[in-house]
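Everything below concerns the one structure shown next.
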Amino acid sequence: MEVDEEDPPKNLSSSSSQLNLPPSMNRPTVSLETQRINRLIDSNRYHSPSKPIYSDRFIPSRSGSNFALFGLEPSPNKEDGPGSYAGMLRTVMFGPDTPEKRDVVTGFSPSRNIFRYKTETQQPVNSFSPFSGSDEASPGVSRSPVKSARNILKSAYKVLDAPALQDDFYLNLVDWSAQNVLAVGLANCVYLWNACTSKVTKLCDIGIDESVCSVSWALRGTHLAIGTSSGTVEIWDALRCRRIRTMEGHRLRVGALAWSSSVLSSGSRDKSILQRDIRCQEDHVSKLTGHKSEVCGIKWSYDNRELASGGNDNKLLVWNQHSTQPVLRYCEHTAAVKAIAWSPHLHGLLASGGGTADRCIRFWNTTTNTSLSCVDTSSQVCNLAWSKNVNELVSTHGYSQNQIIVWKYPTMTKLATLTGHTFRVLYLAVSPDGQTIVTGAGDETLRFWNVFPSPKSQSRRAKSAHCHLVEQQSGEILR
């Protein structure tokens, strides 16, 4: 240890007198040795004013640290290690305003971790955390997990040939039942395709002088309504392949059908809509008049209280259960309105699409009688259908792109654009589980697409047990 001779201790003389020294040792030497010994003895009290004292190791002390030297803010009594993780875990589970246990007792409000940069960067924290960042919560902490974008296959997983499928915008020739059976009208015949077994059954042949213009399954999926070119409506028992009733009333072809419990609505080229109660002997119980041209689309709301109809007069009309005149009229479309769909998620939300001269999808609130939004699709809108599992919808298109688009509502961002048909995609139906759609076109093909997710409440066992085909098959003839 170095000795500073310019600043000797004040008790040097008294200490030297108490030492027993050999006679041969002179006074300067005695003075130097005495000084060294006293410094060793009184090391706890003596500090050199000009030389620092170094120890063999460094133990940091927060109370004596100069945080300002490193651009840090002091945070006394803040725990590191497990305490920091416990604080983040407590924030995730109980919210950012939940105090620590010791804070409830002492009233101490902890500050942030002292080991942080002056300019915070939250990206590294988020990259390691299973939670997304949030400005309102602590850095790197959020209430919900990060959701990845759903991958929608851009190609059809199954293709069926459908010879003689008509290329007519005003017809509705495809429908999917609750029993997982697809009905397709081909020329003057109706065929049934079982989605579980791939078995094809010819239901009927209505005659060489007739043609099928529309098909629609009853809610239970056991009976099928068929609209014909002569204006009649036939009811068939699909299990027995037997016609049980024929109803008249229209003078021209019936291109649109819709069920509401035991009531069947039929729209015709004669501009009228007939309400038919199959429990009654009469062919129809009421007649709705309001369109000035062919009725090409009709849909009942999910609560069966409102009926929406679209026509070649570019009008969208809304009726209630007992009205014979429309209660709401929407005239914003500039082309025929065939595409109509009620939202299963929000009462009174109605979507409609216009033809080639319009190309728009419009949304309406029938409860408040207001127009909500409009999206230009740049193509003829042929069909619309909502997903019953998520707040999304699908549209099919004709001139000029012949595409299928999956939309996210209400932002109306495109989740996927599907192509494959070479003619207008005039027909659309949704599977009973809400995951698959089938589309038909004038290219005489039916294409199956997986576009919507499964219901959140559906278990894995139910998903695996539910029958839907996933392998790519093409060239199978539906006949």
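The values are calculated or read from the model by the stated rules, or taken from the named source; none is laboratory data. Note that the structure is a prediction, hence the values are computed from the model and not measured. For neighbour counting, all protein chains shown are included, and Cβ atoms are generated from backbone atoms with ideal geometry for every residue, glycine included. Note: accessible area is taken over every heavy atom of the protein model, side chains too, but ligands, DNA and RNA are not part of it. Shrake-Rupley method; radii C 1.70, N 1.55, O 1.52, S 1.80 Å.
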*Restricting the first residue to region 205-229 and requiring it to be at positive phi and open to solvent by less than 20 Å² (accessible area, probe 1.4 Å), which pairs with a second residue that is in a loop (DSSP other than H, G, I, E, B) and not basic (Lys, Arg) meet a Cβ separation below 9 Å and a spacing of at least six or different chains?*
GLY221/SER177; GLY221/ALA178; GLY221/GLN179; GLY221/ASN180; GLY221/ALA238; GLY221/PRO432
*Just name the residue that is nearest to TYR170 (Cα to Cα) out of those in region 279-311 that are among the acidic types (Asp, Glu) and more than 29 Å from the chain's Cα centre (by Cα).*
GLU294
*Return the pairs, sorted by first residue and then second, in which the second residue is among the β-branched types (Val, Ile, Thr) and in a loop (DSSP other than H, G, I, E, B), the first residue lies in region 367-381 and is at pLDDT 95 or above and open to solvent by less than 60 Å² (accessible area, probe 1.4 Å), the beta carbons are less than 6 Å apart, and the residues are 6+ apart or on different chains.*
GLN380/THR356
*So which pairs qualify, if the first residue must be in region 279-295 and open to solvent by 80 Å² or more (accessible area, probe 1.4 Å), the second must be of a type in the set (Ser, Thr, Tyr), the Cβ gap must be under 8 Å, and the two must be at least 6 apart or on different chains?*
ARG279/SER262; LYS287/SER272; LYS287/THR324
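In region 347-366, which residue that is under 23 Å from GLY255 (Cβ atoms) and of a type in the set (S, T, N, Q) is surrounded by the most Cβ atoms within 10 Å (Cβ to Cβ)?
Going residue by residue through region 347-366, those that are under 23 Å from GLY255 (Cβ atoms) are 350-362, 364.
Then keep just the ones that are of a type in the set (S, T, N, Q); that gives 352, 356.
Details: SER352: 25, THR356: 16.
Only one residue tops the list, namely SER352.
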*Filter region 410-432 down to residues that are without any contact (Cβ under 8 Å) to a residue 24 or more places away in the chain and assigned to a loop (DSSP other than H, G, I, E, B), then give me how many there are.*
2
_Selection within region 331-366 - aliphatic (A, V, I, L, M) and free of Cβ contacts under 8 Å to residues at least 24 places away in the same chain_ = LEU346, LEU349, ALA357
*Listed residues TRP236, TRP193; which is under 22 Å from THR436 (Cα atoms), surrounded by 19 or more Cβ atoms within 10 Å (Cβ to Cβ) and not charged (D, E, K, R)?*
TRP193
*Here is a list of conditions, (1) of a type in the set (Lys, Arg); (2) out of contact with any Lys or Arg (no Cβ under 9 Å at 6 or more places or on another chain); (3) within 29 Å of THR201 (Cβ to Cβ), and ARG253 meets all of them except one; can you say which number that is?*
(2)
*Among (1) assigned to a loop (DSSP other than H, G, I, E, B); (2) touching a strand residue (DSSP E or B) at 6+ places or on another chain (Cβ under 9 Å); (3) closer than 29 Å to GLY290 by Cβ; (4) among the aromatic types (Phe, Trp, Tyr), where does TYR399 come up short?*
(2)
